[in-house]
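Each remark here refers to the structure printed beneath this line.
The values are calculated or read from the model by the stated rules, or taken from the named source; none is laboratory data. Small disclaimer: the values here were computed from a predicted structure and weren't measured. Cβ placement follows ideal geometry from the backbone for every residue including glycine, while neighbour counts extend to all protein chains displayed. Please note that ligands, DNA and RNA were not included when accessible areas were found on the heavy atoms of the full protein model with its side chains. Shrake-Rupley method; radii C 1.70, N 1.55, O 1.52, S 1.80 Å.
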Amino acid sequence: MSSINPTLLELRQVSVMQIKKRTDRGNDLFELAMYVVAAICLVFFLIKGETAKVMEAALIIGVLLLIRIVVKITKTPMFAALRFSILLFICITMILANELGFYGVIPYLDKFEHLFSGVILCFVGLLIYKKANDRETKKTHNAHVAIWLSLFFSIAMAGVWEIYEFTTDHLLGLNSQNGSLIDTMTDIICGTSGAIATSLYLAVKAKHKKMPLLDDSRSQDNN
């Protein structure tokens, strides 16, 4: 048995690495496509003389570059699911909604934004757990605690965002919440739904010992 277990472990690690490389390659292509679309929009709207759209296209490129810079400086592990969620969120909110004006074309597009924000914030909660746990002397990860923390963090942030919108609406005269409790609660429900779906995804991953960040670091420690 002692001669078989290391072999099985090595095969599993090789398989995981191959899947990770394919996923990373997919995210790289997705990000590259977003750069290309933003660059095309920048040139197109520059020719048309639409300054606001030119600035939005430049902002998209700037945000994508800023994310790479922050990840590199902070040495924060950007696992595939988190990276894809962030890229998809930027694609929906900044490219489709703002740059291409799909708010009037796709119904409830803003609700999809809140849904994906719940997904991203759940992954951010997992990242916070990982960072906090790594500071401890005994780095024993508890998947159940990590999932519950991620879920509640995401739900709490959905509420914090609505508090921010309520405050700016009343202090600055904005209309982010459309003066409607229904709009506010629908946004929170969408964010919470995204968080619940992501926590279930993490639970399945944890059951198969493939949870992002936690099982990755455990396999590295075994090496």
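Evaluate E = 1/(1 + (r/R0)^6) for Ala58 and Ile128, where r is the Cβ-Cβ distance and R0 equals 35 Å; express this FRET efficiency to the nearest 0.05.
Approximately 0.70, to the nearest 0.05.
Just name one of Leu46, Ala97, Ala80: the one whose Cα is farthest towards the positive end of the charge dipole of region 24-157 (beta-carbon charges, Lys/Arg +1, Asp/Glu -1).
Ala80
For region 56-124, what is the relative contact order in percent, using Cα pairs closer than 8 Å and at least 6 residues apart in sequence?
Working: 29 pairs, mean separation 25.6, N = 69.
For region 56-124, the relative contact order is 37 percent.
Gain in length, Met185 to Val70, computed as 0.36 nm per residue apart minus the alpha-carbon separation, to one decimal in nm?
Stretched out fully, the Met185 to Val70 stretch lengthens by 38.1 nm.
Net charge near Asp169: determine it from the other residues with C-beta under 14 Å of the C-beta of Asp169, scoring Lys and Arg +1 and Asp and Glu -1.
Residues near Asp169 contribute -4 overall.
Starting from region 38-132, pick out the chymotrypsin sites (Phe, Trp or Tyr not before Pro) whose DSSP state is loop and whose Cβ has at most 13 other Cβ atoms within 10 Å.
Loop-located and lightly packed - Tyr108.
At 7 Å along Cα-to-Cβ for each site, give me the label-to-label distance between Ala156 and Lys210 in nm.
3.1 nm
Determine the distance separating the Cα centre of region 26-71 from the Cα centre of region 79-148; give it in Å without decimals.
Region 26-71 and region 79-148 have Cα centres separated by 20 Å.
From the Cα gyration tensor of region 58-207, with a ≥ b ≥ c the square roots of its eigenvalues, which class applies: rounded if a/c is under 1.5, or else prolate if a/b is larger than b/c, or else oblate? Show your work: numbers first, answer last.
Numbers: a/c = 1.89, a/b = 1.47, b/c = 1.28.
Prolate is the answer for region 58-207, as a/c is 1.5 or above and a/b outweighs b/c.
Simple spin-label model, 7 Å along Cα-to-Cβ: Asn175 to Leu29 in nm?
4.3 nm
What is the percent carbon and sulfur in the accessible area of region 79-223, measuring with a 1.4 Å probe over the protein chains and ignoring ligands?
67 percent
Keeping all protein chains in place, calculate the accessible area per residue for region 90-223 (probe 1.4 angstrom), answer in Å².
58 Å²
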